[in-house]
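Data block below; observations after.
All of the numbers you see were taken from the coordinates with simple rules; none came from a lab. The shown structure was predicted, so the numbers you read here are calculated from the model rather than taken from an experiment. All Cβ positions, even for glycine, are placed from backbone atoms using ideal geometry, and neighbour counts span all protein chains on display.
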Amino acid sequence: MRDAAVVVTGAGGGIGAALARRFAAEGARVVVNDLDPDKAKAVAGEIGATAVPGDASGIVPAAREALGGTIDVYCANAGVGTGGGPEAPDEAWELAWDVNVMAHVRAARALLPEWLERGSGRFVSTVSAAGLLTMIGAAPYSVTKHGAYAFAEWLSLTYRHRGVQVHAICPQGVRTDMLDATGKAGDLVLRPGAIEPEAVADALLAGIAEDRFLILPHPEVAGMYATRAGEPERWVRGMNKLQRALENETDSQEAGPR
């Protein structure tokens with residue numbers, strides 16, 4: 001990674017900041033992107049990187065210019081953890097779709113011509129285990145993370161023979177602000193096995209070294225994914241059990257002491 005030109009979106013904190021720090025420690029030239037300019041500048045200043053704040057959907061031209069005209073690694077890390085189900089307003093679904101899927105599509109659209117011409121490039125998609133499995137209480141998040149995984153998989157199978165490497169990172173709980181925002185569902189499903197953002201960065205660098213497409217910072221997700229594919233009835237029953245546990249806990253807390 002030494003002297004590689006790297007862009008990390010959503011890097012003002014959490015997994016994105018950990019990725020930016022790790023790439024910088026490996027000797028890469030890093031662009032730190034975040035919607036919050038102050039957070040982007042703080043992380044960039046800490047690691048000697050360049051801050052390019054703004055909406056992740058359209059930063060490729062500015063990031064490329066900041067890195068001297070080329071991008072070697074693009075980490076599509078920015079995401080939103082929209083909760084709710086069908087009752088969630090259209091605006092929430094549209095935001096989840098735009099940030100969790102279409103931002104990746106727009107980035108790839110901007111990056112691929114250069115990468116295909118020179119025969120090299122690396123696209124990193126922070127998907128989440130929800131993209132392989134699901135997440136109770138968060139339909140927009142689960143659906144769009146499935147979409148993010150599908151797009152990363154499509155990129156890999158379409159362009160790997162032309163030098164474009166793709167990595168889909170699918171962690172479960174990670175100790176970030178997004179985990180804190182998941183509420184009771186996150187406390188039930190994600191928090192018990194949550195890891196630090198730095199562990200996700202370690203897993204990515206190990207996966208890059210081995211040119212692995214699917215990167216699982218929580219290795220147990222592989223077994224869950226296999227169960228979901230091979231025993232779908234068992235999988236759905238198990239997840240419904242978690243849903244009922246969440247509802248029972250919520251009902252109990254709302255009832256309060258008697």
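A few points about this structure:
- Helix 37-47 and the long axis of the chain differ in direction by around 60°, with both axes built from C-alpha atoms.
- Cut-off under 5 Å, modelled amide H: who pairs with Leu214 long-range: Ala168
- In Hz, Karplus ³J(HN,Hα) per residue of the range 219-231 (6.51, -1.76, 1.60; θ = phi - 60°; x = Gly, Pro): x, 5, 4, 4, x, 5, 5, 5, 5, 4, 6, x, 9
- Estimated FRET transfer efficiency (Met102, Glu65; beta-carbon r; R0 25 Å; 0.05): 0.65
- Computed per residue of the chain from DSSP H runs no shorter than four, each worth -39500 (n - 2.57), the mean residue ellipticity at 222 nm is -16000 deg cm²/dmol.
- For a label point 7 Å along the Cα-to-beta-carbon line of Asp177, residues of the range 75-96 with backbone N under 15 Å: 78-82
- Proximity of backbone amide H atoms, modeled 1.01 Å from N, is registered between Thr82 and Tyr141 at under 5 Å, excluding neighbours fewer than 5 places apart on the same chain.
- Under-5 Å amide H pairs with Gln172, H placed in peptide plane, nonlocal only: Ala129, His218
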